[in-house]
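Inspection log for the structure reproduced underneath, given as structure tokens.
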Amino acid sequence: MSQRVLSGIQPTGSLHLGNYFGAIQNYVALQDRYESIYCVVDLHALTSRPRAEDLKKNTLEAAKILLSCGLDPKRCVLFVQSHVPAHAELAWILACSTAYGDLTRMTQFKEKGDLAQSKGDIINTGIFTYPVLQAADILAYRAEIVPVGDDQLQHLELAREIVRRFNATYGETFPEPRPLLSTAKRVIGLDGEAKMSKSRGNDIGILDAPDVVKKKLASAKTDIKRLRRNDPGEPKDCNIFALHQFVTSPEKIAEIETGCRSASLGCVDCKGIFAASVEHLAGPIRARAEVLERRPDDIKNILRDGAGRANAIAEATMETVRKKIGIGEF
Ligand code: TYM
């Protein structure tokens with residue numbers, strides 16, 4: 001049997017190019033090579049306590065975008081995390097094999113905790129145990145390959161640690177999952193500083209219309225030493241040039257590089273070429289999303305079918321796990 005791939009993505013409202021180049025592009029490519037399972041992780045999204053109707057809407061929206069990007073229910077399993085009860089059950093079981101100290105060292109926990117405190121909110125336990133639920137997502141399917149961006153590497157290392165401790169206690173049960181990074185393992189946002197993310201507002205949404213992309217690009221950071229149109233630029237100091245690598249042809253990139261260095265090409269022109277490259281990629285995705293938008297029942301049926309298939313695999317794992325640890329029916 002071929003190895004199994006699993007990954008999850010949060011329903012944040014609108015997925016962005018960082019998600020696309022860092023993860024989704026790999027999800028699509030892996031469908032043909034492995035048994036691939038992908039979930040929209042609505043339980044993880046609960047850590048920010050969204051309104052019920054927003055979470056529901058965003059979960060469907062994320063599924064719509066994934067399908068529009070090329071996930072094919074005939075070649076992969078696509079489902080919503082909360083539709084498969086094994087995730088939450090296994091998360092509790094794995095929590096009992098997770099070191100408290102390991103969770104306190106997670107940088108995403110520290111970042112999210114600081115953010116919650118700065119907003120006067122509690123640091124909820126969900127953001128603390130978040131990586132355990134993530135490990136459960138993977139291990140419920142005994143998945144070995146996990147396509148992610150580099151911000152998830154620490155969580156993956158923890159999942160491996162949990163596997164080692166669980167297997168040492170109860171006997172060989174789970175394989176150690178390994179991350180699979182894309183060439184765009186950390187896409188920097190339009191501020192030219194931080195990882196592209198919706199919460200930082202430095203993102204380009206996969207479904208952003210061309211005029212929205214243009215507007216966002218207008219204020220995007222380039223080489224900060226290039227103050228006037230006639231100043232020569234240094235492509236390696238420019239985030240827009242870095243972003244070109246993901247969408248623009250090598251020939252065009254070579255032209256941009258020369259043009260930037262000689263100042264024959266200005267930042268506005270360079271951004272215009274980038275916008276056109278993004279549209280070349282995103283236009284067809286948006287067109288598919290518009291079709292699906294009119295057919296919400298199709299998306300719901302795909303997710304229902306996916307949950308059924310995911311549940312069958314996860315339940316089989318849980319039967320073994322329950323037996324090994326001494327819970328469940330006699
Ligand atoms: P999330 O929803 O934040 O992001 C989804 C995927 O997109 C990648 N990504 C990026 N890659 C490169 N550059 C960026 N700027 C960028 N922003 C996001 C992420 O690395 C991720 O692969 N905890 C996970 C979701 C999750 C999961 C799982 C992942 C839950 N269960 C099981 C793998 C396996 C998260 O919050 O990803």
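Could you pull out every whole DSSP H run in the chain that spans at least 15 Å of Cα extent along its own axis and averages 0.5 or higher on the Kyte-Doolittle scale?
On the way: long enough: 52-69 (26 Å, 0.02); 107-118 (16 Å, -1.28); 125-139 (21 Å, 1.03); 153-170 (25 Å, -0.34); 250-262 (18 Å, -0.70); 267-293 (36 Å, 0.47); 296-325 (41 Å, -0.55).
Within the chain the helices that satisfy the rule are 125-139.
Give me 138, 285 ranked fewest to most by other Cβ atoms within 10 Å of their Cβ, as a rough exposure proxy.
Least to most surrounded, the residues fall as 285, 138.
Going by amide H atoms built from the backbone, whose H comes under 5 Å of the H on residue 35, apart from near neighbours?
Those lying under 5 Å, H to H, from residue 35 are 3, 5.
Is it possible to state the helix-based mean residue ellipticity at 222 nm for the chain, with each DSSP H run of 4+ residues giving -39500 (n - 2.57), the sum divided by total residues, to the nearest 500 deg cm²/dmol? What is it?
My calculation for the chain gives -17000 deg cm²/dmol from helical runs alone.
When you count, for each residue, the other Cβ atoms within 10 Å and take the mean per peptide, how do 58-69, 196-207 rank with the highest first?
58-69, 196-207
Would you list 297, 223 from fewest to most Cβ contacts within 10 Å?
Details: 297 7, 223 20.
Going from least to most buried by this count: 297, 223.
Given the chain, what percent of its DSSP beta bridges are antiparallel, to the nearest 5?
Percent antiparallel among DSSP bridges in the chain is about 10.
Provide the net charge surrounding residue 11, with neighbours chosen by a C-beta distance below 10 Å and charges set as Lys +1, Arg +1, Asp -1, Glu -1.
Summing Lys/Arg as +1 and Asp/Glu as -1 gives -1.
For a footprinting-style exposure proxy, rank 329, 279 by other Cβ within 10 Å, fewest first.
329, 279
Quick note: the coordinates plus some simple rules give every number you see, no bench work behind them. As the structure is a prediction and not an experimental result, all values here were calculated from the model. All Cβ positions, glycine included, derive from the backbone under ideal geometry; neighbour counts span all protein chains shown.
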